[in-house]
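The values are calculated or read from the model by the stated rules, or taken from the named source; none is laboratory data. Keep in mind that this is a model prediction, so the values were computed, not measured. Cβ placement follows ideal geometry from the backbone for every residue including glycine, while neighbour counts extend to all protein chains displayed. These area figures cover heavy atoms from the full protein model, side chains too; ligands, DNA and RNA do not enter into them. Shrake-Rupley method; radii C 1.70, N 1.55, O 1.52, S 1.80 Å.
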Amino acid sequence: MDILNRSILFGGKAIVSALDITETAQAARDIHGFSVAACRAFSKALTIAAFMSAGFKDLGNKLTVIIDGNGEGGKMVLAGREGAKVRGYMERPHCLDGKPDAAVSEVIGTEGTIAVIKDFGLKEPYNGYSRIVNGSIDMDFAYYFTQSEQLPSAIATGVKFDDRGALVAAGGVIVQPMPGCDDNVLVMLEDIVRDFADIDERIAKYTPQEIIEDRFGHFPKSDLEPVRPAYVCECSRERTGDAIRLLGRAQAEEIVGEFGKIEVGCDFCGKKYVFDGDDVEALFAKE
Ligand SMILES: [Zn+2]
């Protein structure tokens, strides 16, 4: 079962998070049919999205991350809500199919933008932007957190496959400073995370808690309650109906007139919702 463990270090100077999102990443692959290369890049980004939404407290808080690079995979969209419940899709899920060892940057690209939208139910959502640094995901988001959220972060995400391309493990380690963190502590923690070059192997072998204990266990630390990441889609027939209502009656009826129905597919989970003429009438009869 997927898990995210977190520990506060040095009495509140920094926080380390370690995630195992293997089942979440497998659920995404089952839906989208990712190639190995696409699955690797997507699962690394999904790890970041799970981390970012794990801290959300309230129901209704929403995270959207859009990675728009010039790589083979095209645009990647990730979404999350409290408790690290995530979902996502990418433009070309089958990219680099014959190249399982392709670098993550081949999928993501080395130029482009990262946009992060955090909707806390306030008037204006929080919007953060930065550029893709090298398409490795880890460096790109370390840069994003530093530039856009003023949180110099150390990130190591990893994905492991077996010889036949089956997903074995996905997850990672992320360290962020807390208010009052001094540079010495930060540099030391960054050094530790830089040492996670073998993170792909490590997440396959150890639990997130073991990874934290192994590298951070000798520091003063207090563990937080674990969070359970999962792949959860929020689409429903009702929400799809709401979207059709937004089209307006005239346009909805025009589509039914031409195609005999309105068919709406969910990008996140692949579910299809079909509304025939009677269904559409019923939608607008409510008004
Ligand atoms: Zn869906």
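Which of these, ILE114, ILE199, ILE262, has the largest mean-square fluctuation under a Gaussian network model of the chain (Cα springs below 10 Å)?
With Cα springs under 10 Å in the chain, the top fluctuation among ILE114, ILE199, ILE262 is at ILE262.
Given R₀ = 41 Å, what would the calculated FRET efficiency be for ILE255 paired with ILE8, taking r from the Cβ atoms and rounding to 0.05? Intermediate results must be reported in sequence, preceding the final value.
Details: r = 53 Å, r/R0 = 1.30.
In this case the efficiency is close to 0.15.
Hand me the GluC sites (Glu not before Pro) from region 104-197 located in a DSSP loop with no more than 14 other Cβ atoms within 10 Å, in residue order please. List each step's numbers first, then the result.
Details: sites: GLU106, GLU111, GLU149, GLU190; in loops: GLU111.
Listed in order of number, the matching sites are GLU111.
For a label point 7 angstrom out from the Cα of GLU111 toward its Cβ, which stretches of region 127-155 have the backbone nitrogen within less than 17 Å?
130-136
In terms of modelled amide H atoms, which long-range or inter-chain residues lie less than 5 Å from the amide H of ASN134?
ASP140
Per residue, how much accessible surface does the chain expose to a 1.4 Å probe? Answer in Å², no decimals. Don't skip to the answer; put the middle values down first.
Details: 13700 Å² over 287 residues.
About 48 Å² of surface per residue is accessible.
By how many nm would the segment from LYS272 to GLU201 lengthen if fully extended, with 0.36 nm per residue of separation less the alpha-carbon distance? Let's see the in-between values first.
On the way: separation 71, 0.36 × 71 = 25.56 nm, distance 3.76 nm.
The span from LYS272 to GLU201 would gain 21.8 nm if fully extended.
Quick check: the angle from helix 36-54's long axis to the longest principal axis of the chain, C-alpha only, nearest 10 degrees?
80
Quick one: with all protein chains in place, what share of the accessible area of region 102-250 is carbon or sulfur, to the nearest percent (1.4 Å probe)? Each step should come with its number before you reach the end.
Working: 4020 of 7750 Å².
For region 102-250, the apolar C and S fraction of the accessible surface comes to 52 percent.
List the trypsin sites (Lys or Arg not before Pro) within region 1-90 that fall in a DSSP loop (any state other than H, G, I, E or B) and whose Cβ has at most 11 other Cβ atoms within 10 Å.
Values: sites: ARG6, LYS13, ARG29, ARG40, LYS44, LYS57, LYS62, LYS75, ARG81, LYS85, ARG87; in loops: LYS13, LYS57, LYS75.
The qualifying sites are LYS57.
Just round it to a whole percent: the fraction of Cα-Cα distances in the chain exceeding 25 Å.
Values: 20570 of 41041 pairs.
Result: 50 percent of Cα pairs exceed 25 Å.
Enumerate the calculated ³J(HN,Hα) couplings along region 258-273 in order (Karplus 6.51 cos²θ - 1.76 cosθ + 1.60, θ = phi - 60°), each rounded to whole Hz, writing x wherever the residue is Gly or Pro.
For region 258-273, the Karplus-derived couplings read 7, 10, x, 6, 10, 10, 10, x, 8, 5, 7, 10, x, 5, 10, 10 Hz, x marking Gly and Pro.
Tell me the relative contact order for region 223-287 as a rounded percent, counting alpha carbon contacts under 8 Å between residues six or more apart. Write down the numbers at each step before the final one.
Working: 41 pairs, mean separation 18.0, N = 65.
RCO, region 223-287: 28 percent.
Rounded to the nearest 10 Å², what accessible area does TYR126 show when all protein chains are kept and the probe is 1.4 Å?
Spelled out: TYR126, probe radius 1.4 Å, area about 70 Å².
Using θ = phi - 60° and the Karplus curve 6.51 cos²θ - 1.76 cosθ + 1.60, what whole-Hz ³J(HN,Hα) does each residue of region 235-245 get, with Gly and Pro shown as x?
Ordered by residue, 3J(HN,Hα) equals 6, 7, 4, 5, 5, 5, x, 4, 5, 5, 4 Hz.
Calculate for the chain the 222 nm mean residue ellipticity that helices alone would give, adding -39,500 (n - 2.57) per DSSP H run of length 4 or more and normalising by residue count, nearest 500 deg cm²/dmol. Display every interim value, and only then the final one.
On the way: 10 runs with 106 residues, N = 287.
It comes out at -11000 deg cm²/dmol, rounded to the nearest 500.
Name the most mobile residue of ALA14, ALA41, ALA28, meaning the one with the largest mean-square fluctuation, in a Gaussian network model of the chain with Cα contacts below 10 Å.
Taking springs between Cα atoms under 10 Å, the residue moving most is ALA14.
Show the residues, 5+ positions off or on another chain, whose built amide H is closer than 5 Å to the amide H of ALA169.
Correct list: LYS160.
How far is helix 183-194 tilted, in degrees, relative to the longest principal axis of the Cα atoms in the chain, given as a value from 0 to 90 rounded to the nearest 10?
70
Rounded to the nearest whole Å³, what is the per residue volume of the convex hull around the Cα atoms of region 4-96? Each step should come with its number before you reach the end.
Details: hull volume 9.7 nm³, N = 93.
Roughly 104 Å³ of hull volume per residue.
Remind me, relative contact order of the chain in percent, using alpha carbon pairs under 8 angstrom and six or more residues apart? Let's see the in-between values first.
Working: 619 pairs, mean separation 66.3, N = 287.
Relative contact order of the chain: 23 percent.
What residue among ASP162, ASP20, ASP200 has the largest mean-square fluctuation in a Gaussian network model of the chain, using Cα springs under 10 Å?
Of ASP162, ASP20, ASP200, the Gaussian network model singles out ASP162 as fluctuating most.
Given a Förster radius of 45 Å and the C-beta distance between LEU224 and ASP101 as r, what FRET efficiency does 1/(1 + (r/R0)^6) yield to the nearest 0.05?
Computed FRET efficiency for LEU224 and ASP101: 0.80.
Starting from the Cα of MET178, move 7 Å in the Cα-to-Cβ direction to define the label point; list residues of region 211-255 whose amide nitrogen is under 18 Å from there.
212-213, 216-227
For region 132-139, just list the computed ³J(HN,Hα) in residue order, Karplus coefficients 6.51, -1.76 and 1.60, θ = phi - 60°, integers in Hz, with x standing in for Gly and Pro.
5, 8, 9, x, 8, 6, 4, 5
Label points 7 Å out from Cα along the Cβ direction at ASP30 and ASP119: separation in nm?
In this crude spin-label approximation the distance works out to 2.7 nm.
Near LYS62, which aspartates and glutamates are there with a Cα under 20 Å away, not counting those fewer than 8 places off in the same chain?
List returned: GLU82, ASP119, GLU124, GLU149, GLU234, GLU238, ASP242, ASP267.
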